[in-house]
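Since every read-out is calculated from the coordinates, none of them should be taken as a lab result. Remember, predicted model here, so these are calculated numbers, not experimental data. As a convention, Cβ positions derive from the backbone with ideal geometry for all residues, glycine included, and neighbour counts pool all protein chains shown.
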Amino acid sequence: LKDELQIEQEVKRTLQAHALRSTPVRRGVLELISKRGEALASSDFEEATRADRITVYRTLRTFESSGILHRVQDSTGVDKYALCGNACSAAGHHHTHAHFHCTTCSKTSCLKEVSIISQVLPEGYQIHESQLTYTGICSACS
Ligand SMILES: [Zn+2]
Ligand SMILES: [Zn+2]
Ligand SMILES: [Zn+2]
């Protein structure tokens, strides 16, 4: 696990790289997600930053449109957010990895090494977003 100082520096760099002002809530959201290393729901960020729902919602939207976080859908029906890699920016998200939701520890995480194979769609269809989330038991629980 990364230490606190390392995470603080990383968060600072991320905000700078995306030309985002550093605010306590923005730092809090990124620090939590870096520490936990899994996809988190807005309620997790509200709890950790003690910010209200609207502020957290706006922060998550900003990070999503900046290419810092991506939204993950799992079988809980609650949207979660996970960290993006360097390939994502305000110009767009570039990842095709699958996600995994563990029914034992209820953690949802990125399977960075598992690629969603692109499907050939009928003519006239355009993909803007795709989601593939497996549900099962993760390596830590099995
Ligand atoms: Zn992304
Ligand atoms: Zn698990
Ligand atoms: Zn992911």
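Lysine pair count for the chain (Cα-Cα distance under 18 Å; residues 8 or more apart in sequence or on different chains): 8. At what distance in angstrom do the alpha carbon centres of segment 1-24 and segment 72-142 lie from each other? Segment 1-24 and segment 72-142 have Cα centres separated by 24 Å.
So how do 52-58, 111-117, 10-16 stack up, highest first, on mean other-Cβ count within 10 Å? Could the numbers behind the result be given before it?
Working: 52-58: 13.3, 111-117: 11.7, 10-16: 15.3.
By packing density, highest mean first, the sequence is 10-16, 52-58, 111-117.
Net charge dipole, segment 32-142: roughly 280 debye, given to the nearest 20, about the Cα centre with Cβ charges of +1 for Lys and Arg and -1 for Asp and Glu.
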